[in-house]
Amino acid sequence: MTVRIPGQVEFYIRALAREYGRKRAPQAGSRPSALDELVLTVLSQNTNDRNRDRAWRSLRRQFPRWEQVAKARRQDLVAAIRVGGLAEQKAERIQALLRRIRKSEGRYSLARVCRMPAAEARDYLLSFQGVGEKTAACVILFACGQPAFPVDTHILRVSQRLGLLPAKATAQRAHERLGKLVPPAGMYEFHLNLIAHGRGVCRARKPQCPVCCLKERCRYYQRVKLNS
């Protein structure tokens, strides 16, 4: 099956919007700060959204200011975010990031990032140890409201099955390619709806192809039909 791009991407965006609803990106006043989004993304690693959010609430309840987080005893910070899993590693990473941000920015803030062009913001965020393509893209998209397309495991899997990405695409390649293929105005909605589709239908094991709204333009499904 030949994937015709960008026409196919527009089809996927519309089909998923019909299935999962339209998603409007929050306006500036209702978006998280760039630093909040950075730490939230660290907490999201290797866990589900529920435990991420529980860890976030516990963190902010015990340490309302970022200076308190940076200077907290490591064991106290670990205890605060334990529910999110991998608490030792995440606590170390969060404090290291806060120290770096304080040194670079003169305060515990990344507000300046959202005044940068998206490409410059990406490069700056990637210069922080422990910040990868997905984390940088999450900050740019969700906190700054600028075009970026974070690729998680669900998006990677679905995009590969659709034929938008090669089967062995690296995380960097996936972000670069999808960042170019997806129109800026559709990035927020397509990101959220692809995740919903990956969780509910296009699962890693036993994908629910018969009920998939994308199946007629899916390389994986066409191959399954030919082999059935």
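The values are calculated or read from the model by the stated rules, or taken from the named source; none is laboratory data. Note that this is a predicted model, so its numbers are computed, not measured. A quick note on method: Cβ atoms are made from the backbone with ideal geometry, for glycine too, and the neighbour counts reach across all protein chains shown.
Summed over segment 179-193, the residues that are among the hydrophobic types (A, V, I, L, M, F, W, C) and under 13 Å from the mean Cα position of the chain (by Cα) give a count of 3. Any chance segment 192-212 includes a residue that's in contact with a Pro (Cβ under 7 Å, 6 or more places away or on another chain), in a helix (DSSP H, G or I) and either surrounded by fewer than 21 Cβ atoms within 10 Å (Cβ to Cβ) or at pLDDT 95 or above (or both)? Looking through segment 192-212, none of the residues is in contact with a Pro (Cβ under 7 Å, 6 or more places away or on another chain), in a helix (DSSP H, G or I) and either surrounded by fewer than 21 Cβ atoms within 10 Å (Cβ to Cβ) or at pLDDT 95 or above (or both).
Among residues of segment 82-97 being under 13 Å from GLN129 (Cα atoms) and of a type in the set (D, E, K, R), the one that is surrounded by the most Cβ atoms within 10 Å (Cβ to Cβ) is LYS90.
Just to be sure, is ARG161 surrounded by fewer than 16 Cβ atoms within 10 Å (Cβ to Cβ) and over 18 Å from the mean Cα position of the chain (by Cα)? Outline the logic, then answer.
Working: surrounded by fewer than 16 Cβ atoms within 10 Å (Cβ to Cβ): no; over 18 Å from the mean Cα position of the chain (by Cα): yes.
No.
GLN222 meets each of the listed conditions (1) surrounded by fewer than 15 Cβ atoms within 10 Å (Cβ to Cβ); (2) touching a helix residue (DSSP H, G or I) at 6+ places or on another chain (Cβ under 9 Å); (3) outside the structural domain of LEU38 (by TED's automatic domain parsing); (4) free of Cβ contacts under 8 Å to residues at least 60 places away in the same chain apart from (4). Kindly establish whether ILE101 is in the same structural domain as ARG217 (by TED's automatic domain parsing), closer than 20 Å to GLN146 by Cβ and surrounded by 18 or more Cβ atoms within 10 Å (Cβ to Cβ). No, not satisfied.
Restricting attention to segment 123-178, the residues being without any contact (Cβ under 8 Å) to a residue 24 or more places away in the chain, in a loop (DSSP other than H, G, I, E, B) and either among the hydroxyl-bearing types (Ser, Thr, Tyr) or closer than 19 Å to HIS197 by Cα (or both) number 4.
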